[in-house]
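The values are calculated or read from the model by the stated rules, or taken from the named source; none is laboratory data. Everything numeric in this text was worked out from a predicted model, so none of it was measured. With ideal geometry, Cβ positions are generated from the backbone for all residues, glycine too; neighbour counts draw on all protein chains shown.
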Protein chains: 8
Amino acid sequence: MNHVDKPLVGILMGSASDWDTMAAAHKTLDEFDVAHECNVISAHRAPEALVEYVKSAEKRGIEVFIAGAGMAAALPGVVAAHTSVPVLGVPVESGAMGGQDALHAIVQMPPGIPVGTLAIGKAGAKNAALLAVSILANKYPPLKTALETYRATQTRKALEAKLPVD
Amino acid sequence: MNHVDKPLVGILMGSASDWDTMAAAHKTLDEFDVAHECNVISAHRAPEALVEYVKSAEKRGIEVFIAGAGMAAALPGVVAAHTSVPVLGVPVESGAMGGQDALHAIVQMPPGIPVGTLAIGKAGAKNAALLAVSILANKYPPLKTALETYRATQTRKALEAKLPVD
Amino acid sequence: MNHVDKPLVGILMGSASDWDTMAAAHKTLDEFDVAHECNVISAHRAPEALVEYVKSAEKRGIEVFIAGAGMAAALPGVVAAHTSVPVLGVPVESGAMGGQDALHAIVQMPPGIPVGTLAIGKAGAKNAALLAVSILANKYPPLKTALETYRATQTRKALEAKLPVD
Amino acid sequence: MNHVDKPLVGILMGSASDWDTMAAAHKTLDEFDVAHECNVISAHRAPEALVEYVKSAEKRGIEVFIAGAGMAAALPGVVAAHTSVPVLGVPVESGAMGGQDALHAIVQMPPGIPVGTLAIGKAGAKNAALLAVSILANKYPPLKTALETYRATQTRKALEAKLPVD
Amino acid sequence: MNHVDKPLVGILMGSASDWDTMAAAHKTLDEFDVAHECNVISAHRAPEALVEYVKSAEKRGIEVFIAGAGMAAALPGVVAAHTSVPVLGVPVESGAMGGQDALHAIVQMPPGIPVGTLAIGKAGAKNAALLAVSILANKYPPLKTALETYRATQTRKALEAKLPVD
Amino acid sequence: MNHVDKPLVGILMGSASDWDTMAAAHKTLDEFDVAHECNVISAHRAPEALVEYVKSAEKRGIEVFIAGAGMAAALPGVVAAHTSVPVLGVPVESGAMGGQDALHAIVQMPPGIPVGTLAIGKAGAKNAALLAVSILANKYPPLKTALETYRATQTRKALEAKLPVD
Amino acid sequence: MNHVDKPLVGILMGSASDWDTMAAAHKTLDEFDVAHECNVISAHRAPEALVEYVKSAEKRGIEVFIAGAGMAAALPGVVAAHTSVPVLGVPVESGAMGGQDALHAIVQMPPGIPVGTLAIGKAGAKNAALLAVSILANKYPPLKTALETYRATQTRKALEAKLPVD
Amino acid sequence: MNHVDKPLVGILMGSASDWDTMAAAHKTLDEFDVAHECNVISAHRAPEALVEYVKSAEKRGIEVFIAGAGMAAALPGVVAAHTSVPVLGVPVESGAMGGQDALHAIVQMPPGIPVGTLAIGKAGAKNAALLAVSILANKYPPLKTALETYRATQTRKALEAKLPVD
């Protein structure tokens, strides 16, 4: 496991092959200088390590979890079952169903244990990081400023897009 | 519109008929004594009032939006486009597709503008409120305590369930 | 929890409302006089009790688990993550997606942790019990005989069906 | 943005990457010498510019909007919310769901704000242009003649198709 | 068949049982005093009468067709194949697939013959009428004014919605 | 089993509960005075009786099989595996998936063993009978005449449909 | 168009690009020496030529139509609307929905006009030919023999398959 | 057919092309030194050989069947119809629907004949073997030990995964 001192966000994924997707969350948090840690802990293959990690991470001060998984993606829900910290879920596009199985397994949580779910794949991983920043920004004013700057830049860039027609 | 002094959460829905679903969010926030407001503002039928509301609500101190809508549910995404505050989306089960259209229209946000999406229907509305409490609890310690108590009670009740077999 | 002395099958469900579906498994095991126990333990709302139950049940001699759950149905997979005993999963027809979310969340298990999945709803619950009997019959010859008798009777009854045409 | 003097059709897309799809609408309008303009304005990343554009475009005399977007495709509906001019929507095939999310987010508009939706992808973009020509042809008789000629040619070409069998 | 003198819109449906859905288009056109006619002509059961009707209707001055059908809904596409007038399609919610078959059969038109498709069911039928009014309003200025008034009223009513919370 | 002397069509269903759907095939064949027989033989619960039936029926002169089943509907494919006579399949609308599982299990036959599949439910059952008549009409000229009369009547009735608008 | 003297089967497709799929039907009919013709006639782009073809083909003695089309595949249903000869439909795998739109547009025919539908793609095209042979075999005894030989050979080949394990 | 002396598991597939998927079951059983046999026997193209095989295999002492098939995958259900031994089904990812048709055709078995279904594709084939081992382990204690060792190794390896971040 790789840790950063006093991380605020814990990025989790069920398999190292999910990194291709979840790296987008890591990179986006880096852009905001939000301390975070990235770990691979499968809900199905390493369930005890997962519970231990979630509990210790919450004690160490993690304020948001981002959990990505594919197929019968139990990871985000299991994390949420063991913490009262906000959990964001990213369905990973893997297997024969292209991530729709993971979407259903993450977003359709029964009442009582919420997971805030983002889009399937890299778009969802990036947005999970932005939503984490937005959650943290309520408490850490400099992040609010940074997020508003990011959003303004994003709007400006979006409007600068050029099409190959005259 | 109905307002509460210094609300922290703004519950929005696209149509008054969504109240049957979204009342679950309202009731859950009430259980936590989280000040909130509930409004009906359609993204499609009242787009200008929506933008005005979102901007003023953020200025008034709303820290989380919960937006529920059915069919081509643009509401949560449009709210998110106009604020840097966390936005949670609830797909409402209405129309011929039973909420799956709304799920796709809410969860599949493109990169840059996140919406944390919950389950279709009342389960999602209740969970949106619980996730909002969880987000607020990072900043307001008494809510953290209340949430942990709520969760412990929920676990206890879940284990008390009885089946009609001896 | 309700226990039977030396049960061989543990029927689990995520919510007492799943009983309407899972009772079909209970009744079918009763027809074969297979000792079993039925419990409600939510993977999301009571995760620690679930792990404790699974481990103790395996020690007590449970040889097959039947786990039914709806929506983002993590229960069968979480049970399977904590035992090497065969786990059979039943997607319960609940919520806006009519059990298709549960089917995906149960059947699409990643490699390493299997769940043998049955049909959505009561047909699946009944078949889970029959598959459990079939599994046990490999080891307990009288069950093999009972199962073959059951199947022969079933075939006979199927062929006795009458249509209201002359 | 690229403008043409007195354009009658405004082609909009949420991202420059949608051009690969939407160019089919541009090329088809060119075949009919229908003055039009093509712009990239994201409903989510540049919502204020979008509203401003739609209102000014309608004032400048745009008579049909063609809006293409992928994933949680809010663009066509948001355009329709701000104009009484006909809006045609094209679901772009992007992301893990291959455009079915965009189809649902565009076609399932709630009552009151219509979007005439075409097929997912390039076929839809080309057909959006043909439908725009058909709409304009009610008012501009030379377009009616041009459309009938186009259709007759299309029929003739369709019948000239050869198969590699003797 | 029932005709109105000099109708501008032709509402068609595949079966009289579609009237429950398509009446919403008729009522909406009535609100705008747009002369129109309503007919039941099945593309599959009365294909020759359909072609004859479409050709004569276009000659009589019909400027928009609204065609609603369920299941393998060929009607809108067949109408579009025989006219250069704009055709709007409404998938009717009937049969075991609840209108999703009709949606696919209407919206996924191949390149060359467009059908502007609306939502499944009554919402779609009402919106088809509004889109027809919008198309006609380009040519008939009083309809433009009427449509803008309608939309303003709709916005006002949407904002007057009350929720049963204080 | 109920037999008719020298039947030409064998209607089969997996369960007596499918009769509600399959009766439409029986009634339609009766309208054409096509001798036929109706039987309930489950491919899963009575596989040997099924094979025996199919082989004897073909020997007795059955020229078309119509097989209806729900859920994992193996019946039509298994019938087709044991005969070279045309087999028509009807997906029955039963269980949690409303017949879409049966549609997939019937229509997606691998290369080599065809099943001509009709719509889910009663519409499909009626059409299976009409297709059987059409198949038989190639060989039995009076059926050709009867089918053309039926179709002409059907067209006439379709055009007589009245709408409650003046 | 390419014709064969006294063809018994008419293979139709909506676009020359469907040949890649439909060639499997042609090749299979060739294996049985069944005279047939292959034509490209779009239901949407050449509707009048289609009707003319169907009527003349039936008069010339075509006894089975095989119609393949993709997307909003109206072709098989329109053919069936104009003939009482058996029509078999093949959903072509094209466009963003991979043939599922075509499957729904072909198989879900409303009551009265049947289309016997085969699997999506080449498997379906081959099976359409085999079903056509089976239909013809009722009337032409040599085809019955040929089909039984074909089936026996197919079974033998299937059993000769070797796996790379010892 | 390839046999191993006294095999306990019979792996079956409908086509040699399924080997690419089903080899994962074979390899996993090899890791556990579980004697097994692999055969290709199509339920549709060689139905009689299939029944003969299933009956003889059960007599020879096969204790678990693993059956994989694609499209309208009848194989697992037909095997289950002819044996009282546990049958595990693997939907193979083939054809235009990517294995979802096979999933529905395998998992949605009607009440009375169960098939324990695994995930689509290789993950499912591997898990079918693990579930077979788990079933056998109830009776053969050394397999129980081997399975627990395998699972512990799997957990250790899962936790050793490294991400390319420091």
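Laid out as a table, the results:
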| item | result |
| --- | --- |
| Hits in the stretch D:123-156 (condition: of a type in the set (D, E, K, R), over 17 Å from G:Met71 (Cβ atoms) and part of a helix (DSSP H, G or I)) | D:Lys144, D:Glu148, D:Arg151, D:Arg156 |
| Output for the stretch E:129-144, where each listed residue is facing chain D (nearest Cβ under 7 Å) and touching a strand residue (DSSP E or B) at 6+ places or on another chain (Cβ under 6 Å) | E:Leu131, E:Ile135 |
| Some residue of the stretch F:61-69 being within 30 Å of C:Thr21 (Cβ to Cβ), buried (at least 22 other Cβ atoms within 10 Å of the Cβ) and not small (Gly, Ala, Ser) | no |
| Sole residue being among the small types (Gly, Ala, Ser) and within 30 Å of A:Ala102 (Cα to Cα), chosen from D:Gly98, D:Gly61, D:Gly116 | D:Gly98 |
| Given (1) within 18 Å of C:Val64 (Cα to Cα); (2) buried (at least 23 other Cβ atoms within 10 Å of the Cβ), number of the condition C:Asp18 does not satisfy | (1) |
| Residues located in the stretch B:145-164, provided they are crowded, with 17+ Cβ neighbours inside 10 Å, at the interface with another protein chain (Cβ under 7 Å from one of its Cβ atoms) and under 21 Å from the mean Cα position of the chain (by Cα) | B:Leu147, B:Arg151, B:Gln154 |
| Unique match (being over 22 Å from C:Arg45 (Cα atoms) and out of contact with any strand residue (DSSP E or B) (no Cβ under 6 Å at 6 or more places or on another chain)) among A:Ala74, A:Ala25, A:Ala69, A:Ala35 | A:Ala35 |
| Count - residues of the stretch E:106-128 that are out of contact with any helix residue (DSSP H, G or I) (no Cβ under 7 Å at 6 or more places or on another chain) and either more than 7 Å from chain D (Cβ to nearest Cβ) or polar (S, T, N, Q) (or both) | 2 |
| Any hit, the stretch G:57-64, residues being modelled with pLDDT of 95 or more and facing another protein chain (nearest Cβ under 7 Å) | yes |
| Residues of the stretch D:141-159 classified as touching a residue at least 12 places away in the same chain (Cβ under 8 Å) and within 19 Å of E:Gly116 (Cβ to Cβ), total | 3 |
| Lone qualifier among F:Asp33, F:Asp5 - being assigned to a loop (DSSP other than H, G, I, E, B), modelled with pLDDT of 95 or more and over 28 Å from C:Ala123 (Cβ atoms) | F:Asp33 |
| Residue within the stretch H:74-82 that is facing another protein chain (nearest Cβ under 8 Å) and surrounded by fewer than 24 Cβ atoms within 10 Å (Cβ to Cβ) present | yes |
| Matching residues, the stretch D:2-19, being in contact (Cβ under 8 Å) with a residue 40 or more places away in the chain and over 13 Å from the mean Cα position of the chain (by Cα) | D:Lys6, D:Pro7, D:Ser15, D:Ser17 |
| The stretch B:101-113: number of residues that are surrounded by fewer than 24 Cβ atoms within 10 Å (Cβ to Cβ) and closer than 19 Å to E:Val90 by Cα | 0 |
| Tally, over the stretch B:8-54, of residues that are in contact with a Ser or Thr (Cβ under 7 Å, 6 or more places away or on another chain) and of a type in the set (Val, Ile, Thr) | 2 |
| Wholly enclosed helices (runs of 4 or more DSSP H) of the stretch B:45-122 bearing at least 3 residues without any contact (Cβ under 8 Å) to a residue 12 or more places away in the chain | B:47-60 |
| Which numbered condition D:Ser56 misses (of (1) surrounded by fewer than 22 Cβ atoms within 10 Å (Cβ to Cβ); (2) more than 28 Å from D:Lys139 (Cα to Cα); (3) of a type in the set (Gly, Ala, Ser)) | (2) |
